[in-house]
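First the structure, in the form of structure tokens, and then the observations on it.
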Amino acid sequence: MKRAAVVAAPAVPASPNILSERPPLQIVMEPIGLPLLQASAVVGCPTFTLREAIKAGRLKAKVCGRQFIITPDELRRWFDTLVAA
């Protein structure tokens, strides 16, 4: 009776851990809207001034819940209309 020859199977490389091999995903986005407090910090004026401009119609804002949201473009447009001292 002949014995079957035992052939070693080719070594299969260990499957890499995909999560540890890839760098972490980083999503970089520009803000599309700024809450009133952040907008006032960007411009450097009190929130009261921004609220008054919104009420007077000089600064356009959206309402989200109970707070105003101002787009960066609109904030820049309003800021550029201010009179130089």
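The values are calculated or read from the model by the stated rules, or taken from the named source; none is laboratory data. Owing to the predicted nature of the structure, the values given are computational and were not obtained by experimental measurement. Heads up, the Cβs are rebuilt from the backbone with ideal geometry, glycines too, and the neighbour counts pull from every protein chain shown.
Here are some notes:
- Residues within the range 58-85 that are surrounded by fewer than 16 Cβ atoms within 10 Å (Cβ to Cβ) and part of a strand (DSSP E or B), tallied: 4
- Count - residues of the range 43-57 that are in a loop (DSSP other than H, G, I, E, B) and surrounded by 12 or more Cβ atoms within 10 Å (Cβ to Cβ): 1
- Where a residue in the range 61-80 is more than 17 Å from C45 (Cβ to Cβ) and its partner, wherever it lies, is part of a loop (DSSP other than H, G, I, E, B) and of a type in the set (S, T, N, Q), with Cβ under 9 Å and at least six apart: K62/T71
- Here is the figure for the range 1-38: residues that are closer than 20 Å to D80 by Cβ and either touching a Ser or Thr at 6+ places or on another chain (Cβ under 8 Å) or modelled with pLDDT under 80 (or both) total 4.
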